[in-house]
Each structure stands twice: as C-alpha cells, then as structure tokens.
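Single-structure report; data block below.
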Amino acid sequence: MSVILIATLDTKGEEAGFVRDELEKRGMSVCLIDAGIMGNPTIPADITSDDVLRSAGTTLAAVRAKGDRGEAVTLAAAGVSAIARRLYAEGKVAGILGLGGSAGTTIATAAMRTLPFGIPKLMISTLASGQVRPFVGPRDIMMFHSVTDISGLNRISRSILGRAAAAMAGMLNSPTSVDRSQDRPILTATMFGVTTPCVETARAMAESMGYEVLVFHAVGTGGEAMESLVGDSLAVGVLDITTTEWADELVGGVLSAGPQRLDAAGKRGVPAIVVPGCLDMANFGERQSVPEKYAHRNLYIHNPQVTLMRTSVEECRRLGEILAQKLNRYRGPVTVLLPTRGISIISTEGQPFHDPAADAALFDTLTQQLSPTIQVKRLDTAINDPAFATACAESLLTNMQRRPNT
C-alpha cells in the first residue's frame, strides 16, 4: 500500500519531490500523481497527467489545445478522483496527501472526498486558513496551512512540508488505540438544540437495544456528513428527526446541506424515519445579516450571532412537496412521523413560531403527495414529548426488522 501524493508537477515539482523524499525516509511507499496540465512536469511521476486526463475521458493534447484553465482543473479533479477510487478498490491506498494553491487544492481534495472515512487525508494548502468547507465537505480531511506560497523550497516551506510528511507518516505508523471488539451496528440521527430532548430519548432507547447512535448537528455540514456516512453503507438505520437544513436550502439560509439532503438513505435502501423537525425555521447570522426581503417576517433572535426566521405557509407547502419527492424515491422502508403540537420547542402553543396554518400546509402537502406505500403517523404531541421520541425509535426499529438481512 502507498501514500498517494498529488501535485501539479509543472509548477510544484520541486516541492512534491521534497515531500516524497520525506515520506520515503519514514518508510512510506509513495505513488506520485501529476495533476499539472498546462505545462511540462519538472520531475517524473508514477501516474502522469495524460493518465489523469484519460481517466477523465479525454487526453492531455485535447485539453492543452483548448487552453481553458478552468475546464482543465475540473477534468484533472475528475481524473485524479477516478484514479484514487480505482487504487483504493485495488487495496493500494494507505493514505492520500496533496499540496498546492487554489487549483491543486481543488484537484487533490476532490480525490480525497471520494475515499472512505478513516483513510488519512492531508492537504497542504495556501487556502487552509480561510473558508475550507468547499474543499473539506463532509469528509475527514486535514487542512495544513502552507503559510508561504508553495513556490520553491526555503526555511519555512521545508519546515511545513517536512512536518506534513511526518504527520502523514505518524498517522500511518502509530497503532490505533480503538477497541473494535466493542463496535455495535450504527444508527445515525440529526439534532438541533431545539430537538435535543427528542433525539436524546430516542438515542437512549436505541442504545439500550444494542445500537451505536451517531448524532449529527443539522447545521449544513452535519447533514452533509450524515449523508456521506450513510452513502458509504456504514449505517443500518437513520433517525432523521431534524430535517431543518431543507428550510435553509429553500430560502437561502446559512445552514443548508445542499440539494442532496435526504438522498443517501433512499438510494442505499437504509431503513429510516423522517420527521419535519425544525422546518418551522430558517437560519441567518446576526440580525443585520437577514436579507432585506425578509425584514417584515417573523424573526427570532436566538443569540447575537443567530437569527431565526419563521417559514411561511407557502414555504411550508413547498417543503412538504420537496420531502415527498425525496421520500417517494426511497428504496427501503421509511416512516414519516408528524408531531402536530409543534415541530420545534419554539413552535408549540404560546411560543414565537407557533403557526398552525403553516404547520397544516407542511403536514397536509407532505401527506397528500407521499406514495400510499409510505406510512405516515400523526401524533398529538410536540416533537420533544417523550411519547414522540419513543414512537420515532420504535418505528425505526420496526422498519429495520422489515428490511431483509438487517
């Protein structure tokens, strides 16, 4: 097995060679991939840029002839990702390390995101001290700030690159202390602060029956991470109690998990329960960050950095349609549970987001547009009532029994 080392060797060859040598000094086998497209490599690669582009369905000559740098980066990312997946399937990947600026970071992290959790992933990047969510996504990628530009070797870059190589070697050479003998089947759950009592009660029930429950904070990255883990077939059931990220996706809030939210369990046929938890709210930053078009809306200052907006009747109707479209594609057993007395702490009677008309639009649209094969349970409770949490756990366990070989 080898460490995959990804760099654009037309501009970062000297630095990549240094990292390769540092890894080999520490006993690592290295597979160097050249992701450089527009220029000639300054050191030889184990997998050339032409190999990379052929894996993306084109050729180096064709890409160079077109001269579109943006398209070249996109194709290089696709090609390196395909190669990384192939090498992993062949059992040849111990870890993956990349170095670069914006293009190199885009290419290398695209490949990293295709590999499963637990494979060491380290990106030495000029962008690592900024907004890294587009590069990391839901994966376990370590971003290592290069401090200076990756442009030649000097006292700073040698130190940074050498320590990054040592970090990769350390991850691979140090024995793990995790005791796998205690592993239990995994369930995933989604939670917000305002659905915590429900999730905690359901989790305790599931864990008492021998499952390990991984809880994801539904703040965008949490939903993405859960979808990724379920997509990797690591979970045997899903307690999707807090689907609030879809409200942010719909209205432009700050906690969207993207349009793929609610896809993974359906595609994998993983038994699930789905609750419209916290679809009464979309999330923005401080009060002045709320878009002007929403200034007249029902806003709730959760704290100085978080402003919540109550979703309207029409938005709730649209959210019902979206959830129904997603759930109708599920290949495994799924049950929808509706807490008719409130889908969050602040939408119960007497609370600032209590809006029976909006809730009715959500519930009725969802129910009407769901396939008749999908079970819907309306419970005369609020989402955080113990009876509702118990129903969530029991419904998921029932669905898991319905799935063959679960």
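The values are calculated or read from the model by the stated rules, or taken from the named source; none is laboratory data. The structure presented is a predicted model; accordingly, all values stated were derived computationally and were not measured. Cβ atoms come from the backbone with ideal geometry, glycine included; neighbour counts cover every protein chain shown. The accessibility values were calculated without ligands, DNA or RNA, using every heavy atom of the protein model including side chains. Shrake-Rupley method; radii C 1.70, N 1.55, O 1.52, S 1.80 Å.
Exactly one residue out of ILE96, ILE43, ILE47, ILE83 is of a type in the set (Val, Ile, Thr), open to solvent by less than 60 Å² (accessible area, probe 1.4 Å) and closer than 21 Å to LEU127 by Cβ, and it is ILE96. Looking only at the stretch 142-154, decide whether some residue is part of a loop (DSSP other than H, G, I, E, B), small (Gly, Ala, Ser), open to solvent by 40 Å² or more (accessible area, probe 1.4 Å) and farther than 25 Å from LEU255 by Cα. Checking the stretch 142-154: at least one residue is part of a loop (DSSP other than H, G, I, E, B), small (Gly, Ala, Ser), open to solvent by 40 Å² or more (accessible area, probe 1.4 Å) and farther than 25 Å from LEU255 by Cα.
Residues checked against (1) touching a residue at least 12 places away in the same chain (Cβ under 8 Å); (2) of a type outside the set (Gly, Ala, Ser):
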{"residue": "ILE33", "(1), (2)": "yes, yes"}
{"residue": "ILE43", "(1), (2)": "yes, yes"}
{"residue": "SER49", "(1), (2)": "yes, no"}
{"residue": "ALA62", "(1), (2)": "no, no"}
{"residue": "LYS66", "(1), (2)": "no, yes"}
{"residue": "GLY70", "(1), (2)": "no, no"}
{"residue": "LEU75", "(1), (2)": "yes, yes"}
{"residue": "GLY100", "(1), (2)": "yes, no"}
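Within the stretch 226-252, no residue satisfies the criterion of being open to solvent by less than 20 Å² (accessible area, probe 1.4 Å), part of a loop (DSSP other than H, G, I, E, B), of a type in the set (Gly, Ala, Ser) and modelled with pLDDT of 95 or more.
In the stretch 300-328, the qualifying residues are those that are open to solvent by 20 Å² or more (accessible area, probe 1.4 Å), of a type outside the set (S, T, N, Q) and at pLDDT 95 or above, and the one that is nearest to ALA272 (Cα to Cα) is LYS326.
Out of the residues in the stretch 1-33 that are part of a helix (DSSP H, G or I) and not acidic (Asp, Glu), state the one that is surrounded by the most Cβ atoms within 10 Å (Cβ to Cβ).
If we take residues in the stretch 1-33 being part of a helix (DSSP H, G or I) and not acidic (Asp, Glu), then ALA16 is surrounded by the most Cβ atoms within 10 Å (Cβ to Cβ).
Of all residues in the stretch 350-384, those satisfying the criterion of being in contact with a strand residue (DSSP E or B) (Cβ under 8 Å, 6 or more places away or on another chain), within 16 Å of ALA247 (Cα to Cα) and part of a helix (DSSP H, G or I) are ALA358, LEU362, PHE363, LEU366. With respect to the conditions (1) outside any helix (DSSP H, G or I); (2) open to solvent by less than 40 Å² (accessible area, probe 1.4 Å); (3) under 18 Å from ALA164 (Cβ atoms), GLY36 lacks only one, and its number is (3). Taking the stretch 34-80 as the range and being among the polar types (S, T, N, Q) and under 28 Å from the mean Cα position of the chain (by Cα) as the test, the residues that pass are SER55, THR74.
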